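The structure appears right after this line, and notes come after that.
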Amino acid sequence: MSNPSRFFAPSSPVRRVEPSEAAKLVQAGKAVLVDVRHPDEWADTGVAEPALLISLRDLGGPAGRELVEKHRDKEIIFYCLSGARSERAAEVFGQMGVRTANAGGIGEWVEAGLPLRAV
């Protein structure tokens, strides 16, 4: 019989936070929220009001280094459209020793009734 566990992806080591918790952490100065979507997506839907805007593609360059240097004492909470890109960003930064979490997708932020801003 084949090993059934090979059909399931291992659970992610990334901490998952609800948008309401993310908003509270940001407001308390304990975290920063980062939208890793593409700039076109920011313009289409708006962004979470407290979010920093750094696309996933730009996180590997100077913008990502500056983010870590400037906010090394805080948890960095990522979100995107569906939660997949933010999961990846949180995982990569977490492997570098940064405290991270994934707040999922922008739709969850909207469903929670949290404020957006236009870009």
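Just so it is clear, none of the values below were taken in a lab; they were calculated from the coordinates. These numbers were taken from a predicted model, which means no experiment stands behind them. When we count neighbours, we look across all protein chains shown, and the Cβ atoms used for this are built from the backbone with ideal geometry, even at glycine.
Return the calculated 222 nm mean residue ellipticity for the chain, to the nearest 500 deg cm²/dmol, obtained by summing -39500 (n - 2.57) across DSSP H runs with n ≥ 4 and dividing by the residue count. Don't jump to the answer; show the numbers that get you there.
On the way: 5 runs with 43 residues, N = 119.
Computed ellipticity for the chain at 222 nm equals -10000 deg cm²/dmol.
Please give the net charge around SER82, taking every other residue with its beta carbon less than 12 angstrom from that of SER82, where Lys and Arg add +1 and Asp and Glu add -1. Don't jump to the answer; show the numbers that get you there.
Details: positive: ARG37, ARG85, ARG88; negative: GLU41, GLU87, GLU108.
Local net charge: 0.
LEU116 to ARG72: FRET efficiency via 1/(1 + (r/R0)^6), r the Cβ-Cβ distance, R0 22 Å, to the nearest 0.05?
On the way: r = 28 Å, r/R0 = 1.26.
The value I calculate is 0.20.
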Q: Taking just the C-alpha trace of the range 34-89, give me its Rg and Dmax in Å.
A: 10.8, 32
Q.
Sequence gap at least 6, Cα distance under 8 Å: using those rules, report the relative contact order of the range 13-117 to the nearest whole percent.
A. 36 percent
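Projected area of the chain, taken from the Cα convex hull and averaged over every viewing direction, in nm²?
Details: hull surface 33.7 nm².
Result: a mean projected hull area of 8.4 nm².
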